Amino acid sequence: MPIKKYKEKLELEKKRIEEELMSFAKKDEKLKHDWDTKFPKFDSAFCSQQPEDAAGEVEEYVAKLPVEHSLENRLRDINLALEKIEKGNYGKCEKCGKIISKERLEAAPEARFCQNCKT
């Protein structure tokens, strides 16, 4: 697969991940590539009148935190791969410097390590 195809695949996946993140989080304006899951807003009347609903919303918030973290990490790797394409060093293992196999890049175009070095 030519680099142009990898770039297109990476850009599509970046857009998909950003859209998914936007559904429950917002970009952190202070930290690059960081997103913050939106915490539910309550007033004291809501919490005292409907404590089960408030607890449910907090539980949902807590459940979304690991999803946010996972998507952020994947998005970080995609952005890094896109930067490498622009700099002309895409497809090289960050650990040993060898070329990452075509099969590995087709499965995960954001791969940072070859099959032998992946952690």
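Among all residues of the range 92-111, there is none that is assigned to a helix (DSSP H, G or I) and in contact with a strand residue (DSSP E or B) (Cβ under 7 Å, 6 or more places away or on another chain). Of the residues making up the range 83-110, those that are open to solvent by 80 Å² or more (accessible area, probe 1.4 Å) and touching a residue at least 60 places away in the same chain (Cβ under 8 Å) number 1.
Considering the conditions (1) modelled with pLDDT of 90 or more; (2) open to solvent by 80 Å² or more (accessible area, probe 1.4 Å), K14 is excluded by exactly one of them, (2).
Per this entry, F42 is not counted among residues that are in a helix (DSSP H, G or I), surrounded by 11 or more Cβ atoms within 10 Å (Cβ to Cβ) and modelled with pLDDT under 75. Residues of the range 68-79 that are open to solvent by 60 Å² or more (accessible area, probe 1.4 Å) and touching a residue at least 12 places away in the same chain (Cβ under 8 Å): R74, R76.
Restricting the range 17-34 to residues that are surrounded by 13 or more Cβ atoms within 10 Å (Cβ to Cβ) and among the acidic types (D, E) leaves a set whose member that is nearest to E60 (Cα to Cα) is E20.
Determine, yes or no, whether K64 is surrounded by 11 or more Cβ atoms within 10 Å (Cβ to Cβ), basic (K, R), modelled with pLDDT of 95 or more and in a helix (DSSP H, G or I). Taking the combined requirement at face value, the residue does not satisfy it.
The values are calculated or read from the model by the stated rules, or taken from the named source; none is laboratory data. Only a predicted model underlies this, so the values are computations on that prediction, with no experimental measurement involved. In this analysis, Cβ positions are derived from the backbone assuming ideal geometry, glycine residues included, and neighbour counts consider all displayed protein chains. In case anyone asks, the SASA skips ligands and DNA or RNA and just uses the protein heavy atoms, side chains included. Shrake-Rupley method; radii C 1.70, N 1.55, O 1.52, S 1.80 Å.
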